[in-house]
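K.L.:
Structure incoming, see below.
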Amino acid sequence: MAQALLLLASLLFFSNVAHCDFSPTLIADMAKILMDNYCSPEKLAGMEEAIDAARDNTEILSISDPASLASVLTDGVKQTIFDSRVQVTYEPGFVPAKPPAIPDIPPEQLAEMIKGTVKAEVLDGNIGYLKIQHIIGEEMAQKVGPVLVEYIWDKILPTSAMILDFRSAVTGELSGIPYIVSYYTDPEPLIHIDSVYDRTSDVTIELWSMPTLLGKRYGNSKPLIILTSKNTLGIAEDVVYCLKNLKRATIVGENTAGGSIKINKIKVGDTDFYVTVPVAKSINPITGKSWEVNGVAPDVEVAAEDALDAAIAIIKLRAEIPGLVQAAATLVADNYAFPSIGDDVAEKLGAVAASGEYNLIPTKKELEAKLSADLLKLSGDKCLKATSNIPALPPNNPMPEMLLELIKVSFHTDVFENNIGYLRFDMFGDFEHVAKIIAEHVWNKVVDTDALIVDLRNNVGGSTSSIAGFCSYFFDGDKQIVLDHVYDRPSNTTRDLLTLTQLTGRRYGSKKSVIVLTSGATAGAAEEFVFIMKRLGRAMIIGEATHGGCHPPETFRVGESDIFLSIPISHSDTCPLMPPSTHQIIFQISYLEG
């Protein structure tokens with residue numbers, strides 16, 4: 001009741017603003033039209049009582065500009081029920097259009113007329129293209145269907161994928177919706193496509209897929225792309241929304257117009273005012289919502305004029321996806337550091353692809369994201385993933401002066417009170433070629449301290465080639481110590497990681513205290529160093545759980561594409577049963593005084 005009174009109050013307010021004179025029944029008559037015809041009567045609760053109250057308004061206002069009054073009344077309605085489709089217009093001499101009757105001419109001639117609103121061709125790559133501007137209804141389909149099937153549908157039926165162009169589709173018949181949807185789905189089981197509530201009859205009609213059709217179905221396995229624009233309207237929007245939520249089609253283009261499933265223009269009493277009002281509404285059985293007012297959002301948003309090219313690119317990508325997924329699975333099976341897990345991941349990845357989960361992927365970026373998500377889910381290893389990064393080229397040999405400056409900014413040293421040394425570096429590298437420079441300008445500053453803090457809180461990993469050498473500085477040189485066992489998948493061998501007998505510069509030795517600082521960012525090679533030092537009891541570890549990384553992965557190209565997989569190919573054999581990235585090195589956080 002309150003909302004209905006608000007509607008009438010709004011109308012009266014806006015009409016007063018316009019300083020117009022009109023019969024007091026005009027407002028009540030308009031409200032009655034909305035009450036009897038508007039598709040969402042729940043928004044108009046209490047309207048009847050409000051109309052009776054409005055009849056007592058005997059104030060007569062002079063009307064000087066009916067068109068302006070109509071505009072003001074439209075604003076009043078829209079601001080009350082928040083539906084942009086409702087309009088009040090002043091149209092003297094308006095003659096309602098009657099639905100055209102089907103001409104009594106031979107079906108062949110009628111089909112020729114319909115062909116003017118349809119365009120069908122086969123594009124390069126065996127891609128069917130069907131442009132529709134008007135969706136015919138059941139009666140028309142029964143009369144001209146056989147001719148259209150023969151001369152249009154059968155022309156594009158054998159294609160490998162189809163593009164349905166609705167960018168200019170602005171008219172159509174409700175009964176045509178099940179026809180179009182059914183051609184792109186299987187005959188069984190029947191699918192509840194849509195529910196349409198008609199306010200004038202107070203009846204809800206359920207639209208279902210059809211068990212039998214003229215001609216053959218395109219089916220639900222071949223790719224289907226629907227092109228849309230901001231002009232795509234009404235019945236075509238319903239078809240787009242249904243096929244999108246059935247996950248049968250990918251929508252490419254612009255957000256559709258947001259029209260109505262059915263809209264009527266109703267004369268207000270004996271005046272020349274008319275109310276355009278949606279008299280029916282669509283409720284999708286999957287989403288419980290409607291495309292009306294807001295339109296259908298595309299899966300891939302591009303300008304309407306670019307939609308066809310985008311659709312062709314998507315279809316070409318999808319044709320490659322099965323081979324790419326299989327190639328990715330083979331790479332994992334052949335190269336992953338844990339062979340049994342790699343075989344299992346490869347088999348399950350193939351099963352995921354066979355289930356159809358990759359069928360609606362529209363872009364390379366989404367394919368990479370899907371591959372990465374599946375590889376993580378199946379392996380538990382966040383280092384096993386898809387990437388667009390091309391393998392890095394070997395670095396150029398820098399000049400000695402450049403190396404010195406690079407080392408100075410990469411390493412940080414200090415000596416604290418009580419002769420406690422501090423060493424920080426944020427990435428491991430191939431230090432062999434610069435060992436002399438590092439020893440002279442970095443290591444010699446802390447080697448004579450009584451205790452050493454190695455700060456790896458910001459160390460993100462890098463090359464593992466220097467781990468044995470770096471660890472060796474913290475052990476005595478009289479005997480070699482096995483630091484770790486590292487399994488290498490490409491060679492299928494396990495090698496011992498040993499301390500080095502010969503080093504550049506002096507050793508720190510095994511007697512002085514070493515503390516290693518860690519954080520959640522500590523990863524890769526840094527974690528391997530931390531793990532070794534902790535396992536051998538050579539250092540106290542203070543800080544946060546490390547990142548949970550892996551030995552530096554190798555990058556592999558997937559097929560001939562520009563998609564790459566990052567695959568760990570080696571692992572510490574100390575814990576051989578699980579991928580290293582499923583473990584985090586977790587330590588008790590301690591507090592140091594001084």
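The values are calculated or read from the model by the stated rules, or taken from the named source; none is laboratory data. Just so it is clear, the structure is predicted and the values come from calculations on it, not from any experiment. With ideal geometry, Cβ positions are generated from the backbone for all residues, glycine too; neighbour counts draw on all protein chains shown. Side chains included, ligands, DNA and RNA excluded: accessible areas come from the protein's heavy atoms. Shrake-Rupley method; radii C 1.70, N 1.55, O 1.52, S 1.80 Å.
K.L.:
Take residues that are open to solvent by 50 Å² or more (accessible area, probe 1.4 Å) and at pLDDT below 95 and tell me which of the strands (runs of 3 or more DSSP E) falling wholly in the stretch 231-325 contain 3 or more.
P.N.:
The qualifying strands (runs of 3 or more DSSP E) are 262-267.
K.L.:
What is the number of the single condition among (1) open to solvent by less than 60 Å² (accessible area, probe 1.4 Å); (2) of a type outside the set (Gly, Ala, Ser); (3) touching a helix residue (DSSP H, G or I) at 6+ places or on another chain (Cβ under 8 Å); (4) under 30 Å from residue 569 (Cβ atoms) that residue 331 does not meet?
P.N.:
Status for residue 331: all satisfied but (3).
K.L.:
What single numbered condition from (1) buried (at least 20 other Cβ atoms within 10 Å of the Cβ); (2) at pLDDT 90 or above fails to hold for residue 548?
P.N.:
The failed condition is (2).
K.L.:
While we're looking at this one, here's another question. Can you find, within the stretch 194-230, the residue that is most open to solvent (accessible area, probe 1.4 Å) among those that are aromatic (Phe, Trp, Tyr) and within 31 Å of the chain's Cα centre (by Cα)? Step through it out loud before you land on a result.
P.N.:
Of the stretch 194-230, the ones aromatic (Phe, Trp, Tyr) are 197, 208, 218.
Now narrow it down to the ones that are within 31 Å of the chain's Cα centre (by Cα): 208, 218.
Details: 208: 106, 218: 8 Å².
By that ranking, first place goes to 208.
K.L.:
Now a separate question. How many residues, within the stretch 336-359, are over 14 Å from residue 376 (Cβ atoms) and among the aliphatic types (A, V, I, L, M)?
P.N.:
Qualifying residue count for the region: 5.
K.L.:
Could you list all residues from the stretch 118-156 that are part of a helix (DSSP H, G or I) and either closer than 18 Å to residue 310 by Cα or open to solvent by 40 Å² or more (accessible area, probe 1.4 Å) (or both)?
P.N.:
Initially, the stretch 118-156 is screened for residues part of a helix (DSSP H, G or I), giving 138-156.
Selection gives 138, 139, 140, 142, 143, 146, 150, 151, 154, 155.
K.L.:
Among the residues of the stretch 180-193, count how many are open to solvent by less than 70 Å² (accessible area, probe 1.4 Å) and out of contact with any Leu (no Cβ under 9 Å at 6 or more places or on another chain).
P.N.:
Of all residues in the stretch 180-193, those open to solvent by less than 70 Å² (accessible area, probe 1.4 Å) come to 180-187, 191-193.
Retained after the next criterion (residues that are out of contact with any Leu (no Cβ under 9 Å at 6 or more places or on another chain)): 186.
Final tally of qualifying residues: 1.
K.L.:
Any chance the stretch 492-503 includes a residue that's surrounded by 21 or more Cβ atoms within 10 Å (Cβ to Cβ) and under 30 Å from residue 330 (Cβ atoms)?
P.N.:
no
K.L.:
Among 420, 467, 407, 438, which is within 30 Å of residue 338 (Cβ to Cβ) and either at pLDDT 95 or above or open to solvent by less than 60 Å² (accessible area, probe 1.4 Å) (or both)? Don't jump to the end; show me each part of the working.
P.N.:
Working: 420 fails: within 30 Å of residue 338 (Cβ to Cβ); 407 fails: within 30 Å of residue 338 (Cβ to Cβ); 438 fails: within 30 Å of residue 338 (Cβ to Cβ).
On inspection, the qualifying residue turns out to be 467.
K.L.:
Restricting attention to the stretch 157-179, which residues are assigned to a helix (DSSP H, G or I) and either crowded, with 22+ Cβ neighbours inside 10 Å or free of Cβ contacts under 8 Å to residues at least 60 places away in the same chain (or both)?
P.N.:
Of the stretch 157-179, the ones assigned to a helix (DSSP H, G or I) are 174-179.
Scanning the stretch 157-179 gives 175, 176, 177, 178, 179.
K.L.:
Can you confirm whether residue 195 is under 20 Å from residue 85 (Cβ atoms) and free of Cβ contacts under 8 Å to residues at least 40 places away in the same chain? Show your work before the answer.
P.N.:
Values: under 20 Å from residue 85 (Cβ atoms): yes; free of Cβ contacts under 8 Å to residues at least 40 places away in the same chain: no.
Criteria not met by residue 195.
K.L.:
Take the residues in the stretch 384-404 that are closer than 18 Å to residue 523 by Cβ and modelled with pLDDT under 90, then tell me which one is surrounded by the fewest Cβ atoms within 10 Å (Cβ to Cβ). Even if it seems obvious, please write down each step before you answer.
P.N.:
First, pick out the residues of the stretch 384-404 that are closer than 18 Å to residue 523 by Cβ: 384-385, 387, 389, 392.
Checking which are modelled with pLDDT under 90 leaves us with 387, 389, 392.
On the way: 387: 16, 389: 9, 392: 7.
Here the answer is 392.
K.L.:
A further question on this structure: Hey, any hits in the stretch 517-532 for a residue that's surrounded by fewer than 19 Cβ atoms within 10 Å (Cβ to Cβ), out of contact with any Asp or Glu (no Cβ under 7 Å at 6 or more places or on another chain) and modelled with pLDDT of 90 or more?
P.N.:
Step one: filter the stretch 517-532 for residues surrounded by fewer than 19 Cβ atoms within 10 Å (Cβ to Cβ), giving 519-521.
Checking the rest, the ones that are also out of contact with any Asp or Glu (no Cβ under 7 Å at 6 or more places or on another chain) come to 521.
After this cut, where a residue has to be modelled with pLDDT of 90 or more as well, the list is 521.
Yes, the stretch 517-532 contains at least one residue that is surrounded by fewer than 19 Cβ atoms within 10 Å (Cβ to Cβ), out of contact with any Asp or Glu (no Cβ under 7 Å at 6 or more places or on another chain) and modelled with pLDDT of 90 or more.
K.L.:
Here's something else I'd like to know. Applying the selection to the stretch 447-457, what residues are touching a residue at least 60 places away in the same chain (Cβ under 8 Å) and either touching a Phe, Trp or Tyr at 6+ places or on another chain (Cβ under 6 Å) or part of a loop (DSSP other than H, G, I, E, B) (or both)?
P.N.:
Within the stretch 447-457, 447, 449, 450, 453, 456, 457 qualify.
K.L.:
Please determine, by comparing only the residues of the stretch 86-107 that are of a type in the set (D, E, K, R) and modelled with pLDDT under 85, which one is nearest to residue 141 (Cα to Cα). Walk me through how you get there before you give the answer.
P.N.:
Quick first cut of the stretch 86-107, residues of a type in the set (D, E, K, R) only: 91, 98, 104.
Retained after the next criterion (residues that are modelled with pLDDT under 85): 98, 104.
Numbers: 98: 20, 104: 15 Å.
It comes out as 104.
K.L.:
What number of residues within the stretch 553-574 satisfy the criterion of being assigned to a loop (DSSP other than H, G, I, E, B) and either farther than 30 Å from residue 332 by Cα or open to solvent by 10 Å² or more (accessible area, probe 1.4 Å) (or both)? Lay out the reasoning, then the answer.
P.N.:
We begin by selecting, within the stretch 553-574, every residue assigned to a loop (DSSP other than H, G, I, E, B); these are 553, 558-563, 568-569, 573-574.
Retained after the next criterion (residues that are either farther than 30 Å from residue 332 by Cα or open to solvent by 10 Å² or more (accessible area, probe 1.4 Å) (or both)): 553, 559-562, 569, 573-574.
Residues flagged as assigned to a loop (DSSP other than H, G, I, E, B) and either farther than 30 Å from residue 332 by Cα or open to solvent by 10 Å² or more (accessible area, probe 1.4 Å) (or both) within the stretch 553-574 amount to 8.
K.L.:
Another one. Among the residues of the stretch 575-594, how many are open to solvent by less than 50 Å² (accessible area, probe 1.4 Å) and either β-branched (Val, Ile, Thr) or modelled with pLDDT of 75 or more (or both)?
P.N.:
Residues that pass the stated criteria total 1.
K.L.:
Could you check how many residues of the stretch 444-489 are of a type in the set (D, E, K, R) and within 41 Å of the chain's Cα centre (by Cα)?
P.N.:
Total satisfying the criteria: 4.
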